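Everything on this sheet refers to the single structure shown next.
The values are calculated or read from the model by the stated rules, or taken from the named source; none is laboratory data. Predicted, not measured: the structure shown is a model, and the values here were computed from it. When we count neighbours, we look across all protein chains shown, and the Cβ atoms used for this are built from the backbone with ideal geometry, even at glycine.
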Amino acid sequence: MIKQTTSAKYQQSSMIADICDYMGKGISTIVAVMVIVLTASVPFVGADEAETKGTTRLKDIVVTGTRTPHALKDVPVETVLINREDIEKTNAQNAMDILKNIPGIDTSAHDDVFGTYTWRAKMRGLDFNAGYGLILIDGQRAMGCGQSGGMGEYGTGLNQIPVDMIERIEIVKGPSSALYGSDAMAGVINIITKKTPKKATGSAGVSYGWYKVKEQEKDGKITETSDDGHSRNISKTYVSYGDKISDRFGYLLHYNYDSAEDIGYDPVKSNRHSFMGKLDAELSESIDLYLKCELSDYEKMDSRQEDSNRIAAGIDFRPTDNDFFSFKGYTYTWDFSHGYIDKTYGYKYGDVGYDQVEIQYTRYFSDWNALTLGGEVQQQGIDYVIENADGSIVNVKEDVDTSSLYVQDEITLFEDFTLVAGLRYDDHSTFGSEVNPKLSIMYKLFENTTLRASGGKAFKSPTLRQLYYDTPYWHGSYYCKSNPDLKPEKAIGYSASIEQWLFDQGIMVNLGYFRNDVDDMVIREDTGTKYNDLPLREYKNVEEAWTQGVEFMCRTYFAEDFSASLSYTYTDSENKETGKELTYTPKHVLSILPAYELEKYGLGTSATVSYIGKQYKDSDNTDEIGAHAVIDAKIYKNLSDKAKLSFEADNIFDSDKGDEESFRTGRTFTVKLDVSF
C-alpha cells in the first residue's frame with residue numbers, strides 16, 4: 001500500500017475544498033436540479049421501459065477496438081461510443097467539442113468556434129496534434145491541420161468532419177499500435193459518417209451565432225480586440241439527401257458550409273465548403289461494395305487556403321458464414337498555402353498525400369474463437385516549400401512508405417472470459433521494422449458486471465518537421481532545425497476498468513485506471529547557437545515521460561424523456577528528466593450533462609457543466625491556466641415531426657476559462673433550425 005504523507009493529504013484536502021468552493025458558485029445548483037429530476041423520474045418508469053432503453057444501448061455494434069463487430073456490452077477492448085442522439089444533446093459546433101464529455105479526453109484549452117486551433121487536445125495526457133492519438137474517418141487515417149484545427153503543416157486536428165456529417169464516434173483507449181501502427185499510442189478516435197438511407201430521406205439546417213472575444217491581460221497590460229469588443233459571428237448551413245436506386249443500390253449526398261470570425265485580435269473570417277458522396281451496392285448476398293468521395297475547400301482570409309479530397313472504395317466478401325474478407329483502399333490529397341506572400345510571417349505552400357490499400361481476413365472457427373489476419377501498404381508523400389521571412393528557402397520533398405502485417409486472436413473461455421492477443425509488424429522506410437504486441441482481457445464477473453484490462457507496446461514516428469526539413473525554419477522568436485537521426489518514440493501502456501449496470505440497465509457506471517510510459521520523447525532543445533541572429537533549436541530524443549490517472553463515467557437510461565451523464569478524470573504526469581508536469585495536462589476534469597424532454601409539448605433542454613483544474617502552459621511549470629468552470633445550455637422546440645428550432649447558450653457566465661493572458665470567447669448564443677423531408 002502506498003503511504004500518503006501529511007503534506008499530500010493536506011494538499012489533496014485543500015484541492016477538494018477549492019473545487020467545492022469554486023463549483024459551489026453555480027454548478028451545485030444545476031447538480032441539485034439534476035439529482036431532483038433523476039429521483040423524481042425513477043418511480044414513474046416501468047421496468048420494461050428501463051430495460052428496453054438500456055438494452056438498446058448495450059446492443060449497439062462497434063468495430064474499431066478489434067476490427068471485428070461486437071455489441072457494446074461484449075467488446076473486449078475498452079471502447080466508448082457516442083451516437084447521434086448523444087451528439088444532438090450537446091452544443092457542439094465541431095467534433096472536438098463533442099468529445100469533451102468523454103473521460104480521458106481534454107479539449108479545455110480551446111474554444112468551440114470553427115477555424116480555431118485544436119493543437120492542445122489530448123487523450124490521457126498525450127497530444128493528438130503531435131501524433132500520439134490516431135484519428136480515423138470511417139476507419140481510414142485522416143490528415144489536415146488548418147481546417148481541422150491542427151497546428152502547422154504537419155499537425156492533425158480533431159475537427160476533420162463537420163458535425164452534421166457525423167453519425168457516431170468510437171473511442172478506443174490505450175495503446176493500439178498492434179492493430180493500427182504508428183500514431184495510435186494513446187488510443188484511436190474513429191469518426192464514422194452517416195450511412196446511405198434505406199429509403200428516400202432528406203435533411204437541411206441553418207444556424208447563426210454571435211459571440212464576443214474577451215480582452216487579453218498580460219504583464220499588467222490589457223489589450224482589447226481590434227473590433228473593440230463587438231460581437232463576431234459564426235454560421236453553418238447543410239443539406240443532405242439519400243435514397244435507394246434499387247433494392248441493391250443506395251446513395252447519400254451531403255453538403256456543409258461553416259463560417260466563423262476567429263478568436264484572435266482581429267476578426268479574421270474562416271470558411272469551409274465540405275461535400276461527401278457515398279454509393280453502397282449489395283452485389284449479391286455475400287458481396288458488398290462501397291464508394292465514397294470527400295471534398296473540402298477551406299480558407300482563412302489572407303493567410304490560409306486548403307483543398308483536400310479523399311476517394312475511398314472497398315469490398316466485403318463473405319463466402320461462408322464463418323469467413324469474412326475485406327479489401328479497401330483510399331487516396332487522399334491535401335493542398336495548402338499558409339502564411340503571407342509578403343513573408344512577414346513566412347509562407348508555405350505545397351501538398352501532402354496518403355495512399356493506402358489493405359486486406360483483412362477473419363475466420364470464425366466457432367462461437368468462441370475468431371482469428372483475424374491483415375496487411376496494409378501505405379505511402380505518405382510530402383512536397384512543399386517554406387519561404388522564411390529572411391528570404392531563406394526550406395524545401396521538403398519526401399516519400400514515406402510503410403508495409404504492415406497484423407494478426408489477432410479472440411478467444412472466449414467458459415462463456416465469461418475473453419482473451420484478445422494481437423501483434424503487428426511494421427516496416428517503415430525510415431526507421432526499419434517495429435513489432436508491437438497487445439493483450440486484452442474481458443471477464444464478466446456477474447451478468448451486469450464486466451472487468452476489462454489491456455496492456456501493449458506502441459510506437460510513434462517523428463513528424464515531418466522533426467525529420468525532413470533540409471534547412472532551419474523560422475518559428476516566431478527562434479529558428480528550428482530538423483534531425484534526420486531521430487528515433488521513433490516508444491511506449492508501454494496498460495489500463496483496467498470495471499463496468500457495472502444497475503436497475504435493469506437504467507444506470508451504467510465505469511471506473512478505470514491507466515498508465516503510459518513513453519521513452520525517447522522528441523522535444524525542441526536550444527543548441528546554444530544562433531541562426532540569422534535568432535536562437536536555434538533542434539529536435540532531439542531526450543525525454544522520458546509518463547502519464548497515469550483514474551477515469552470515471554456514469555450514465556442514466558431510466559426513461560425516454562430524461563438522461564444524464566457524469567464523467568471525471570484525474571491525470572498525473574511527469575517529465576522524468578525535469579520532474580515537472582507535462583504542459584496542458586490538468587489534473588482534474590469534471591463534466592455533467594443532463595437532458596430532459598417534454599414530449600407532449602415538443603420541448604427539450606440540456607446543459608453541460610464542465611470543471612477543469614489548473615494546467616501549466618510551459619515546461620518549467622511557472623505559467624498556468626487557472627481552474628475554471630464553463631456552463632453551456634440549450635432549449636429546443638419541435639415545430640412539427642419534421643422541424644426543430646433550437647437556442648443555445650455557451651459559456652453562460654462569461655468565464656475567461658482561467659486564461660486571461662489569451663483571447664478567449666466569452667458568452668456565445670446560437671439559433672438553429674433543422675428540418676427533414
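Side notes on the structure shown:
- Residue selected from the stretch 567-591 under the condition of a type in the set (D, E, K, R) and outside any strand (DSSP E or B), by the criterion surrounded by the most Cβ atoms within 10 Å (Cβ to Cβ): 581
- The stretch 396-418 - residue that is of a type in the set (A, V, I, L, M, F, W, C) and under 27 Å from the mean Cα position of the chain (by Cα) and, of those, farthest from residue 386 (Cα to Cα): 407
- Candidate set: the stretch 445-472, residues that are touching a helix residue (DSSP H, G or I) at 6+ places or on another chain (Cβ under 9 Å) and either among the acidic types (Asp, Glu) or part of a strand (DSSP E or B) (or both); chosen: the one surrounded by the most Cβ atoms within 10 Å (Cβ to Cβ): 458
- For the stretch 340-352, taking the residues that are part of a strand (DSSP E or B) and without any contact (Cβ under 8 Å) to a residue 40 or more places away in the chain, the one that is farthest from residue 389 (Cα to Cα) is identified as 351.
- Candidates are the residues of the stretch 522-577 that are in contact with a helix residue (DSSP H, G or I) (Cβ under 7 Å, 6 or more places away or on another chain) and aromatic (Phe, Trp, Tyr); the one that is farthest from residue 510 (Cα to Cα) is 539.
- Residue check for residue 212: surrounded by fewer than 19 Cβ atoms within 10 Å (Cβ to Cβ), touching a residue at least 40 places away in the same chain (Cβ under 8 Å) and touching a His at 6+ places or on another chain (Cβ under 8 Å): yes
- Where a residue in the stretch 233-261 is without any contact (Cβ under 8 Å) to a residue 24 or more places away in the chain and under 30 Å from residue 116 (Cα atoms) and its partner, wherever it lies, is not in a strand (DSSP E or B) and not aromatic (Phe, Trp, Tyr), with Cβ under 9 Å and at least six apart: 257/162
- Count of the stretch 588-630 residues, restricted to those that are without any contact (Cβ under 8 Å) to a residue 40 or more places away in the chain and within 14 Å of residue 547 (Cα to Cα), is 0.
- Condition check for residue 176: small (Gly, Ala, Ser), closer than 25 Å to residue 291 by Cα and either crowded, with 23+ Cβ neighbours inside 10 Å or without any contact (Cβ under 8 Å) to a residue 12 or more places away in the chain (or both): no
- Selection within the stretch 407-440: residues that are surrounded by 16 or more Cβ atoms within 10 Å (Cβ to Cβ) and among the charged types (D, E, K, R). The member of this set that is nearest to residue 67 (Cα to Cα) is 410.
- Evaluated against (1) more than 30 Å from residue 215 (Cα to Cα); (2) surrounded by fewer than 17 Cβ atoms within 10 Å (Cβ to Cβ); (3) at pLDDT 95 or above, residue 278 falls short on exactly one condition, (2).
- Annotation: of all residues in the stretch 84-113 being at pLDDT 85 or above and among the hydrophobic types (A, V, I, L, M, F, W, C), the one that is nearest to residue 663 (Cα to Cα) is 92.
- Residue in the stretch 528-545 that is surrounded by fewer than 16 Cβ atoms within 10 Å (Cβ to Cβ), without any contact (Cβ under 8 Å) to a residue 24 or more places away in the chain and outside any strand (DSSP E or B) present: yes
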